[in-house]
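Undergrad: Here you go, one structure.
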Amino acid sequence: MFSLRSSALPARRGLLYVALAATAWGTAGAAAALLFQRSGLGPLALTFWRSVGGAAVLLALRPFTGRAVRPARPSVPRILLNGLGLTLFQAAYFLAVRHTGLAVATVVTLGSAPVLVALGGRLLMGERLGRAGLAAVAGAVLGLGVLVLGGAAAGSGGGVEPAGLAWALASAAGYAAITVATRHRASRTGAADDPAATTLWSFGVCAVCLFPFALAEGPLPSTGSLPATLLLLGYLATVPTAFAYALYFAGAAVVRAATASVVALIEPLSATAFAAAVLDEPLTPAALLGTAVLLLSVTALARSELRTA
């Protein structure tokens with residue numbers, strides 16, 4: 001059974017938690033795609049229900065985790081920063097997809113996030129990646145670009161919209177703020193916040209922020225396939241939301257911020273594998289090449305992190 005006591009985690013387990021979280025996040029895209037087809041929910045309404053459901057799952061589990069684990073309680077500024085960063089990360093990404101397409105939005109968001117995180121870690125905490133780390137970050141961004149753009153080459157090639165790029169960069173900034181703040185808090189105080197409580201309150205803030213937008217978009221799913229919609233919403237709220245973010249906050253507190261952001265790039269690998277296995281989407285040579293480059297980069301950076309630790 002996994003322990004979420006961040007301050008007691010070794011770096012090896014922290015890396016495992018981030019990798020498991022990213023793998024779970026990769027299944028969220030397929031679940032969301034099925035929900036868009038069946039539920040009639042828009043992206044902001046779906047993100048709202050994902051946040052509400054994730055908070056509800058963590059709240060239901062709180063009596064079982066709170067007694068065994070007593071890490072530091074997250075402060076109000078920490079909760080607000082995480083919640084607002086989470087809201088920006090998720091909502092801006094969906095808006096980027098709407099404006100400039102899935103491929104470009106994914107490349108800009110996930111490709112720029114490690115760079116922003118590395119800059120934040122260097123400025124706030126003096127974290128150094130070294131030559132090997134910088135090479136791994138560059139390789140990861142390259143592999144991600146080949147994976148997503150190469151995999152989308154056979155699709156429709158729409159133009160790159162400036163508004164979409166701006167939203168993608170805003171999404172990356174929200175993700176970077178969450179990652180750097182988590183690591184900065186742990187490195188400054190020597191004690192990480194309770195990951196389950198941090199995730200619970202963060203999704204509460206996210207749900208409050210998204211509620212008016214969900215109302216405007218249409219908050220209720222269609223009744224045509226309601227049982228399947230509820231099952232998919234339950235999965236989305238539980239595995240890639242409540243559990244995945246709790247694992248990510250626990251792991252990100254004990255590894256370098258840039259390392260966490262690069263290891264989290266496992267998400268598109270997981271999404272590609274899940275789409276091929278479940279949705280029968282073909283694996284192109286470019287997708288296989290990008291997967292190999294990205295995996296090599298993530299492995300190299302993980303080894304560097306363990307040597308540093």
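Undergrad: Has region 28-38 got at least one residue that is modelled with pLDDT of 75 or more and within 23 Å of P195 (Cα to Cα)? Spell out how you get there, then give the answer.
TA: We begin by selecting, within region 28-38, every residue modelled with pLDDT of 75 or more; these are 28, 31-32, 34-38.
Those still in the list that are within 23 Å of P195 (Cα to Cα) too: 28.
Looking through region 28-38, at least one residue is modelled with pLDDT of 75 or more and within 23 Å of P195 (Cα to Cα).
Undergrad: Go through region 25-55 and count every residue that is farther than 13 Å from L230 by Cβ, in a helix (DSSP H, G or I) and among the small types (G, A, S).
TA: Residues in region 25-55 being farther than 13 Å from L230 by Cβ, in a helix (DSSP H, G or I) and among the small types (G, A, S): 10 in total.
Undergrad: Inspect region 280-298 for any residue being at pLDDT 75 or above and of a type in the set (S, T, N, Q) and give the result as yes or no. Give the steps one after another, and end with the answer.
TA: Filtering region 280-298 for residues at pLDDT 75 or above gives none.
No, region 280-298 has no match at all.
Undergrad: Right, something else. Within region 70-107, restricting attention to residues that are surrounded by fewer than 16 Cβ atoms within 10 Å (Cβ to Cβ) and not in a helix (DSSP H, G or I), which residue is modelled with the lowest pLDDT?
TA: R70
Undergrad: Something else about it: Could you please give the count of residues in region 24-45 that are free of Cβ contacts under 8 Å to residues at least 24 places away in the same chain and under 12 Å from F213 (Cα atoms)? Reasoning before the result, please.
TA: Kept after step one, since they are free of Cβ contacts under 8 Å to residues at least 24 places away in the same chain, are these residues of region 24-45: 36-37.
Those still in the list that are under 12 Å from F213 (Cα atoms) too: none.
Residues that pass the stated criteria total 0.
Undergrad: Assess whether S51 counts as being more than 18 Å from A244 (Cα to Cα) and modelled with pLDDT of 80 or more. First the steps, then the outcome.
TA: Numbers: more than 18 Å from A244 (Cα to Cα): no; modelled with pLDDT of 80 or more: yes.
So S51 does not fit the description; no.
Undergrad: Looking only at residues that are within 12 Å of the chain's Cα centre (by Cα) and part of a helix (DSSP H, G or I) in region 254-269, which one is modelled with the lowest pLDDT? Walk me through how you get there before you give the answer.
TA: Going residue by residue through region 254-269, those that are within 12 Å of the chain's Cα centre (by Cα) are 260-268.
With the extra rule that they be part of a helix (DSSP H, G or I), the set shrinks to 260-263, 266-268.
Details: A260: 78, S261: 75, V262: 73, V263: 78, I266: 78, E267: 74, P268: 70.
Checking each candidate, the answer is P268.
Undergrad: Of all helices (runs of 4 or more DSSP H) completely enclosed by region 126-224, which ones contain at least 3 residues that are at pLDDT below 75?
TA: Values: elements: 130-151, 162-189, 195-217.
By residue number, 130-151, 162-189.
Undergrad: Quickly run through region 236-253 and pick out the residues that are within 21 Å of A118 (Cβ to Cβ) and under 12 Å from the mean Cα position of the chain (by Cα).
TA: The answer is Y248, F249, A252.
Undergrad: While we're looking at this one, here's another question. Can you tell me which residue within region 207-235, out of those that are among the aliphatic types (A, V, I, L, M) and within 30 Å of V117 (Cα to Cα), is surrounded by the fewest Cβ atoms within 10 Å (Cβ to Cβ)? Give the derivation first.
TA: So the first thing to find is which residues in region 207-235 are among the aliphatic types (A, V, I, L, M), and the list is 207-208, 210, 214-216, 220, 226, 228, 230-233.
Those left that are additionally within 30 Å of V117 (Cα to Cα): 207-208, 210, 214.
On the way: A207: 22, V208: 14, L210: 24, A214: 22.
Of everything passing the filter in region 207-235, V208 is surrounded by the fewest Cβ atoms within 10 Å (Cβ to Cβ).
Undergrad: Just to be sure I understand the filter: pairs with C-beta atoms under 6 Å, separated by 6 or more residues or on different chains, first member in region 225-245 and touching a residue at least 24 places away in the same chain (Cβ under 8 Å) and outside any helix (DSSP H, G or I), second member of a type outside the set (G, A, S) and crowded, with 23+ Cβ neighbours inside 10 Å. Which pairs pass?
TA: Correct list of pairs: empty, since none qualify.
The values are calculated or read from the model by the stated rules, or taken from the named source; none is laboratory data. Predicted, not measured: the structure shown is a model, and the values here were computed from it. Reconstructed Cβ throughout: ideal geometry from the backbone, glycine too, with neighbour counts over all protein chains shown.
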